[in-house]
Amino acid sequence: MVNEVRFRWLEIKHGWVAFSVAGRSGNFRASVGDSIDAPRLLLDSVSALLNGASLVSFSFDGEPTEIRWTMRVVQRQLEVSISSHKKWGDAASEVTWMEEGVSLLAFSNSVYRETQDLVESVGGDGYKKAWPTHGVPTGALREIKSSVERFRANCE
């Protein structure tokens, strides 16, 4: 059975972006700082999965916490887990949120749409003001859109 997971960017402020993920196992919500380009990192990681990677792992900076994502493709289904670390780089962690049996295509579409909506909600200049360290993830949005289209074509 495929589980539906909703990803959402909730808001973007100067140097901070909040997100949530929700599925059958519950909800997870966090705010992350701009020392890591979270929107672009998530887009690039999902694109990698669509293009054949079986595992990606990356971290968002919760200042001072680390929010570590691991996404693995198992039999064309996605496993997503998020663990919280009290300090950046701590090995000891606790899985804060996890969902298995997720449709990679549906999750990818959610990440793409939500990031596109985030950019459109504040406009290009507003995005640059709110996320000045990194700027608008135009290339990453283009890449995930084409990756979704290729993945969909290969599934049909």
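The values are calculated or read from the model by the stated rules, or taken from the named source; none is laboratory data. What you see is a predicted model; the values in this text were computed from it and never measured. Note that we place each Cβ from the backbone using ideal geometry, even for glycine, and neighbour counts take in every protein chain shown. The area values use the complete protein model at the heavy-atom level, side chains included, leaving out ligands, DNA and RNA. Shrake-Rupley method; radii C 1.70, N 1.55, O 1.52, S 1.80 Å.
Observations on the model:
- Checking each residue in region 123-140 for being surrounded by fewer than 17 Cβ atoms within 10 Å (Cβ to Cβ), touching a residue at least 24 places away in the same chain (Cβ under 8 Å) and of a type outside the set (S, T, Y) picks out K129, P132, H134.
- Members of region 105-117 found to be open to solvent by less than 10 Å² (accessible area, probe 1.4 Å) and hydrophobic (A, V, I, L, M, F, W, C), listed by number: F107, V111
- Here V46 fulfils each of the conditions (1) open to solvent by 20 Å² or more (accessible area, probe 1.4 Å); (2) modelled with pLDDT of 95 or more; (3) aliphatic (A, V, I, L, M) apart from (1).
- Residue count for region 62-84, restricted to those that are in contact (Cβ under 8 Å) with a residue 24 or more places away in the chain and either over 21 Å from R6 (Cα atoms) or touching a His at 6+ places or on another chain (Cβ under 6 Å) (or both): 3.
- Among residues of region 60-80, those that are open to solvent by less than 20 Å² (accessible area, probe 1.4 Å), of a type outside the set (V, I, T) and either modelled with pLDDT of 95 or more or in a strand (DSSP E or B) (or both), counted: 5
Residue by residue, here is whether (1) of a type in the set (G, A, S); (2) under 29 Å from E149 (Cα atoms) holds:
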{"residue": "N27", "(1), (2)": "no, yes"}
{"residue": "L55", "(1), (2)": "no, yes"}
{"residue": "E66", "(1), (2)": "no, no"}
{"residue": "V73", "(1), (2)": "no, yes"}
{"residue": "S81", "(1), (2)": "yes, yes"}
{"residue": "T96", "(1), (2)": "no, no"}
{"residue": "E100", "(1), (2)": "no, yes"}
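- Residues that are in a helix (DSSP H, G or I) and without any contact (Cβ under 8 Å) to a residue 40 or more places away in the chain, drawn from region 35-54: A38, L41, S45, A48
- Qualifying residues in region 1-21 (those that are open to solvent by less than 20 Å² (accessible area, probe 1.4 Å) and in a strand (DSSP E or B)) - the one modelled with the lowest pLDDT: N3
- Residue, modelled with the lowest pLDDT, within region 25-37, restricted to residues that are of a type outside the set (K, R) and within 16 Å of S81 (Cα to Cα): S25
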